[in-house]
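The values are calculated or read from the model by the stated rules, or taken from the named source; none is laboratory data. All of these numbers come straight from a predicted model, not from anything done at the bench. Cβ placement follows ideal geometry from the backbone for every residue including glycine, while neighbour counts extend to all protein chains displayed. Side chains are part of the model used for accessible areas, which takes the heavy atoms of the whole protein and leaves out ligands, DNA and RNA. Shrake-Rupley method; radii C 1.70, N 1.55, O 1.52, S 1.80 Å.
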Amino acid sequence: MIEKLLQYKNGYVKIRLISPKPERFLNLCSRQGILLSQIRPAGETWEMQISLKDFFRLKPVCKKTHSRIHVVKRWGLPFFFYRNKKRKAFFIGIFLCFALVIFLSQFVWRIQVEGNYYNTTQEILKFLEEKDVRHGIPKKEINCALISAMIREQFPDITWVSARLSGTNLSITIQENENPASSDSGQEEAPSSIVSNLEGTIVKMITRQGAPQVQAGDFCEKGDLLVLGRLDIKNDSQEVIRYDYVTSDADIYIRHTCSYYDSFPLSYEKKSFTGNEKSRPFFQIFSLRAEGGSRKKQYEKEDTVTQTRNLYLTENFVLPFSYGTIVQKEYVMEKVTYTEEEARKKAQENIQIYLEKLLDKGVEICQNNIEIQTDGSFCTAKGTLQVIEKAGYSVPVEKMEIPDT
Amino acid sequence: MGKKRRKWKEHLVSSMEIPRDLAYRESIIRITGRKQLTIENYKGIQIFSSQQTVVTLNQGKVKILGKDLEIQFYMENEMTVTGFISQVIFEI
């Protein structure tokens, strides 16, 4: 493919060779480094392709072999330009097109935010817009380091930001703090104890900092002290001489029982699409949108689905034009009733979603005692789950007076 | 080249595992299916028509018989013949 493009760029011709010794002609060409291709006999003559540059080197070879050559066909840019040399407007158009592409490539046409979970993309884009970083801004006005710093300053739960310009795309990759309270540097410094937020039996306990007050196998209630952030420093006579305060850090797993309740009516209203739909195209330049067809409501009840496609010049070069279709779909509300089997299946699905959410949070499920019942109008799933969960939250340590010794 | 010298060269070539095309300038002929034949290290073309092509090698000749033969590329060291190849005959 690249070879063909290069060939086209440099230009090449198809020639007809009339020669008493065509083989000699070929051999002489190869000796002189003239590349011939697509050589095929055509009656008494031979046809072949040769690059434009090599074509002008054929004269001595023709003289030696008493050959004559006719040009049958020409391809390539040199011929194209020669043929169209009078069409000035055409070349001006091409030039303007390239100039426009180069001009447009000096601006940012897409801002991409990745890695955000707690802070929405819209929120971040709105903040950037307030700071004059918006779509269509010249690339030279973009300071990636400053953007990163501004985002970090505005959103304290964002721990790491990377702003990168690639083509006309400003890519912002962020990393958020998943547990903002526990890793806040200010709070980490302050001495604290860990108190239980669950009621149950301690299964496992790993203390990294602080004095553990309970051990595996103990039962604890809500609010019970698990790890104390105060260390008693004693002398040889086992008398407390001073207190050291630390930020307690421990992984405490508690087995406890939690209840589950889910109820939903057996009859419900469902959107049912009739299949009637009307679509109309649109074309958008910046925020100006031109729509085809009528904008009024087509059906009594309808859903509108808009499909937009951006125009890309390269992977990262997004042009400020977009097009797509607006589809208005008619629907009617239908009253549907679950059969007992369907209701049980749905209740089971809800339970599964709940359990998966628990598993995602790192909760281990030991026992599942959930029962599903239907009573004609409602389906109810209730019961208890026995789970092992990471427990404990930090509370400040009460400072004590150093005892007199 | 004497017989002894030739033998010594053969020994050297085989022990050093030098490819024969480099050591003796022997031709490499590669046939892909029945539609393409590539020759490297040849001297020149002796006869070329749509039914037969005779190529002079450093040692002998090779005759390619077939139908609708044409030369895809013709360079100083390599040439590719395409078409429906029916026979490839080596001649001294």
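Side notes on the structure shown:
- Hits in segment A:93-146 (condition: among the small types (Gly, Ala, Ser), in the same structural domain as A:Ser166 (by TED's automatic domain parsing) and touching a residue at least 60 places away in the same chain (Cβ under 8 Å)): A:Gly115, A:Gly136
- Test: residue in segment B:61-73 that is over 30 Å from A:Gly43 (Cβ atoms), of a type in the set (D, E, K, R) and either open to solvent by 60 Å² or more (accessible area, probe 1.4 Å) or within 14 Å of chain A (Cβ to nearest Cβ) (or both): no
- Tally of residues being without any contact (Cβ under 8 Å) to a residue 12 or more places away in the chain and more than 8 Å from chain B (Cβ to nearest Cβ) across segment A:1-30: 6
- Residues that are over 19 Å from B:Leu69 (Cα atoms), among the small types (Gly, Ala, Ser) and within 11 Å of chain B (Cβ to nearest Cβ) within segment A:31-62 comprise just one, A:Gly33.
- Check on A:Gly324, in contact (Cβ under 8 Å) with a residue 40 or more places away in the chain and surrounded by 15 or more Cβ atoms within 10 Å (Cβ to Cβ): yes
- Considering segment A:364-405, and only residues there that are hydroxyl-bearing (Ser, Thr, Tyr) and open to solvent by 90 Å² or more (accessible area, probe 1.4 Å), the residue that is farthest from A:Tyr268 (Cα to Cα) turns out to be A:Thr405.
- Being out of contact with any helix residue (DSSP H, G or I) (no Cβ under 8 Å at 6 or more places or on another chain), in contact (Cβ under 8 Å) with a residue 12 or more places away in the chain and of a type in the set (Asp, Glu) holds for only one residue in A:Glu371, A:Glu349, A:Glu341, A:Glu356, and it is A:Glu371.
- Search result, residues across segment B:44-60 that are loosely packed, with under 15 Cβ neighbours inside 10 Å and closer than 23 Å to B:Arg20 by Cα: B:Asn58, B:Gln59, B:Gly60
- Screening A:Val387 on (1) modelled with pLDDT of 90 or more; (2) under 16 Å from A:Ser263 (Cα atoms) shows it passes everything except condition (2).
- Filtering segment B:39-60 to residues that are of a type in the set (D, E, K, R) and within 9 Å of another protein chain (Cβ to nearest Cβ) leaves only B:Lys43.
- Sole residue being out of contact with any His (no Cβ under 9 Å at 6 or more places or on another chain), more than 30 Å from A:Pro212 (Cβ to Cβ), part of a loop (DSSP other than H, G, I, E, B) and open to solvent by 90 Å² or more (accessible area, probe 1.4 Å), chosen from A:Glu356, A:Glu341, A:Glu300, A:Glu349: A:Glu300
- Boolean, A:Gly136 is of a type in the set (Gly, Ala, Ser) and surrounded by fewer than 13 Cβ atoms within 10 Å (Cβ to Cβ): yes
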